[in-house]
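Heads up: the structure comes next, in structure tokens.
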Amino acid sequence: MCGIVGIVGKTPVGQALYDGLTVLQHRGQDAAGIVTIHENTFRLRKGNGLVKDVFHTRHMLRLQGNMGIGHIRYPTAGTSSSSEAQPFYANSPFGISLAHNGNLTNAEELKIWLNTQARRHVNTTSDSELLLNILGHELQNSEQHTLDQSDIFTAVSNVHKRVRGAYATVALIIGYGMVAFRDPNGIRPLVFGKRETESGVEYMVASESVALDANEFEFVRDVAPGEAIFFTESGEIHSQQCAENPSFHPCIFEYVYFARPDSSIDKISVYGSRVDMGKKLGDKIAKEWEDIDIDVVIPIPETSCDTALEIARHLNIPYRQGFVKNRYIGRTFIMPGQEQRKKSVRRKLNAIGAEFVGKNVLLVDDSIVRGTTSGQIIEMARAAGAKKVYFASAAPEIRFPNVYGIDMPSANELIAHGRELDDICQLIGADKLIFQTLEDLVSAVSTANPDITEFETSVFNGEYVTKDIDQSYLDRLDAMRNNETKETSDKNADSIIDMYNEGAE
Ligand SMILES: O=P(O)(O)OC[C@H]1O[C@H](OP(=O)(O)OP(=O)(O)O)[C@H](O)[C@@H]1O
Ligand SMILES: NC(=O)CC[C@H](N)C(=O)O
Ligand SMILES: [Mg+2]
């Protein structure tokens, strides 16, 4: 998952973009970038690392201008080389820079088409650079030499026709303004807000509403699936539905794990949905584990805390924070390699003995993906003296790869792939294991917005909403991005020459 922000302001926006990216850091820890427009020129700084490490004072001083976009990256395509950090830049037409959250499912075809038909060269293996060039091609196709909003909306409509997959996107067009658009299924989130200032109204778009809050922008609304919003340089705003058959299929994993609890996505509070997941799972535990004696409910920090507290309240069992999280270690799941993820769990979490000694503990996590966390945590609970260790997952079994912006490319790396409950329980070493059902998960998330009846749930049921995914696609994806291949490609990635970032140190 990545995070994107964009601001069309009346005063310099560099710091507000930086602050917006900082509160979206949970969506990607691999690379960060900001581009602003100053005196008709793009100012770009991007590189590998956390926001606080990529931007130093000297970079911030160069990021002048009242309009800009930013990105934090968690790679799902290409490599983790700094040359694939975003935003990307294309000089034609006009000068465009683009940031993308999501993943394109027809990237291979698009690359060939761009090379042979559109005569555009894409210099990296990133799908986002393809998206930039498709948008560039469509803007170029406009019959006029200058652009107006209808040209921009026509270009986005044509992008929707060519591109498949998930894309929440923000782009700057020099001399015109900023355009934000969301794929026709609304898989990845995108919101926009405004702020009244003495110099006039400023607009901001972001992956999550927390980025608006941090900058004191007032939330206006979610960008609709398929919709494009164009913010002119002078601060006018135009919007249009650009997809032929838009439908709402937001990714349910945003609510389970990715988004911050204080965000609201598509009129659903992430926090509220996690509490409701706790209610549903608490009910299931009460029904199915009637004769099981649980002394204490313990969350696996940090994402599962809200759900675990609700389970404890529901079951009338004490809730204790039995694991302490090292606040200086980031999220484990979005780290790029399995070795790094494995090592991080013990560095990140440590047990408080008194909460485990002689007790039957129920550990709660939001999800079990590769089983990296659960396996080690259960060992730690036993080592701390637990009598029995039960485990509950707020999400159902994750059995299928994700192709829409979550880096789960290989079914064989998923612990629940091809396995039933008892096998998974044995593998992670629990005394008993329970998963939420998909029906309950959907019902927990949709309680706050009954208008959304369907979610993107492919990791649980293998149903891909873009309808272009078959076994041969998944096999190719596995071969390209499984852990082993990724380790080699990331090692070689350093040798890729960075086209737009040279001398930025
Ligand atoms: O089965 P796995 O492959 O281990 O993946 C699942 C785990 O990874 C995530 O935690 P993470 O440490 O990324 O973030 P958190 O601190 O927000 O919970 C998630 O919350 C689970 O704990
Ligand atoms: N997680 C994401 O949104 C990734 C965006 C894009 N596919 C990349 O790999 O850079
Ligand atoms: Mg976790």
* Structure fact -> The simple spin-label model distance between ILE329 and GLU379, using points 7 Å out along Cα→Cβ, in nm, is 1.3
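Could you tell me which of rounded, prolate or oblate describes segment 242-383, using a ≥ b ≥ c as the square roots of the eigenvalues of the alpha-carbon gyration tensor, with rounded for a/c under 1.5 and, failing that, prolate when a/b is larger than b/c and oblate otherwise? Write down the numbers at each step before the final one.
Details: a/c = 2.24, a/b = 1.29, b/c = 1.73.
The shape class here is oblate.
Compute the length gained on full extension between GLU218 and MET480: take 0.36 nm times their separation in residues and subtract their Cα-Cα distance, giving the result in nm to one decimal.
Stretched out fully, the GLU218 to MET480 stretch lengthens by 90.1 nm.
Rounded, prolate or oblate: pick one for segment 53-98, where a ≥ b ≥ c are the square roots of the eigenvalues of its C-alpha gyration tensor, a/c under 1.5 means rounded, and failing that, prolate if a/b is larger than b/c, else oblate. Before the final figure, lay out the partial values.
On the way: a/c = 2.34, a/b = 1.13, b/c = 2.07.
Judged from the Cα gyration tensor, segment 53-98 comes out oblate (a/c at least 1.5, b/c at or above a/b).
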* Structure fact -> Given backbone amide H placed at 1.01 Å from N, residues whose amide H is under 5 Å from that of HIS38, ignoring those fewer than 5 places away on the same chain, are ARG43
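Need one number: the % of Cα-Cα pairs in segment 1-140 sitting beyond the 23 Å mark.
32
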* Taking only protein heavy atoms and a 1.4 Å probe, what accessible area per residue, in Å², does the chain have with all protein chains in place? -> 40
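Taking every DSSP beta bridge that has both residues in the chain, what percent is antiparallel when rounded to the nearest 5? It would help to have the intermediate numbers written out before the result.
Values: 69 of 85 bridges.
Taking every DSSP beta bridge with both residues in the chain, the antiparallel ones total about 80 percent.
How would you classify segment 186-289 from its alpha-carbon gyration tensor, with a ≥ b ≥ c the square roots of the eigenvalues: rounded for a/c under 1.5, else prolate if a/b is greater than b/c, otherwise oblate? Write out the running numbers ahead of the final one.
Values: a/c = 4.29, a/b = 1.86, b/c = 2.31.
Note, shape of segment 186-289 comes out oblate.
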* Asked: Over the chain, what percent of the accessible surface lies on carbon and sulfur atoms, probe 1.4 Å?
  -> 47
* To do: Mind giving me the nanometre distance, one decimal, between the label points for ASP262 and ASN115, set 7 Å out from Cα along Cα→Cβ?
  => 4.7
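Output the pairs from LYS342/LYS388; LYS343/LYS467; LYS284/LYS387; LYS111/LYS486; LYS287/LYS359 with a Cα-Cα distance over 27 Å in this structure; if there are none, say none. Each step should come with its number before you reach the end.
Numbers: LYS342/LYS388 24 Å; LYS343/LYS467 37 Å; LYS284/LYS387 23 Å; LYS111/LYS486 20 Å; LYS287/LYS359 22 Å.
In this structure, LYS343/LYS467 lie more than 27 Å apart at Cα.
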* Structure fact -> Rounded to the nearest 10 Å², the 1.4 Å probe accessible area of TYR271 is 110
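What ranking do 119-126, 65-72 get when scored by the average of other Cβ atoms within 10 Å per residue, highest first?
Values: 119-126: 17.0, 65-72: 27.6.
Final packing ranking: 65-72, 119-126.
Mind checking the dipole of the chain: about its Cα centre, +1 per Lys or Arg Cβ, -1 per Asp or Glu Cβ, Debye to the nearest 20?
On the way: 51 positive and 68 negative charges, 272 e Å.
Using Cβ point charges on Lys, Arg, Asp and Glu, the chain gives about 1300 debye.
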* Label-point gap, in nm, between ARG347 and GLU108 - each point 7 angstrom along Cα→Cβ -> 3.6
* What translational diffusion coefficient, in µm²/s and rounded to a whole number, does the Stokes-Einstein relation yield for segment 168-227 at 20 °C and a viscosity of 1.002 mPa s, taking the hydrodynamic radius as the Kirkwood radius over Cα pairs? -> 178
* **Under the Debye formula (equal points on every Cα, no solvent term), log10 I(q)/I(0) of segment 275-319 at q = 0.28, 0.31 Å⁻¹** => -1.02, -1.16
* **With all protein chains modelled, accessible area of TYR74 [1.4 Å, Å²]** => 10
* Asked: Among 150-156, 277-283, what's the highest-first ranking by average C-beta atoms within 10 angstrom per residue?
  -> 277-283, 150-156
* Asked: Using 0.36 nm per residue, how much length does the chain from LYS387 to GLN471 gain when fully extended, once their Cα-Cα distance is taken away?
  -> 25.9 nm
* To do: Order these peptides, 220-229, 180-189, by their mean beta-carbon neighbour count within 10 angstrom, highest first.
  => 180-189, 220-229
* Stretched out fully, how many nm does the piece from VAL357 to ASP291 gain, at 0.36 nm a residue minus the Cα gap? -> 21.6 nm
* Structure fact -> When the charge dipole of the chain is computed with +1 at the Cβ of Lys and Arg and -1 at the Cβ of Asp and Glu, the Cα pointing farthest to the positive end, of PRO250, GLN471, SER126, is that of SER126
* **In Å², nearest 10: area of PHE323 left accessible to a 1.4 Å probe** => 10
* Extent along principal axes [Cα atoms of the chain; Å; largest to smallest] -> 74, 51, 45
* To do: Please grab the % of Cα pairs in segment 3-247 that end up more than 22 Å from each other.
  => 47
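The values are calculated or read from the model by the stated rules, or taken from the named source; none is laboratory data. Note that the structure is a prediction, hence the values are computed from the model and not measured. Methodologically, a virtual Cβ is constructed for each residue, glycine included, from the backbone with ideal geometry; neighbour enumeration extends over all protein chains shown. Please note that ligands, DNA and RNA were not included when accessible areas were found on the heavy atoms of the full protein model with its side chains. Shrake-Rupley method; radii C 1.70, N 1.55, O 1.52, S 1.80 Å.
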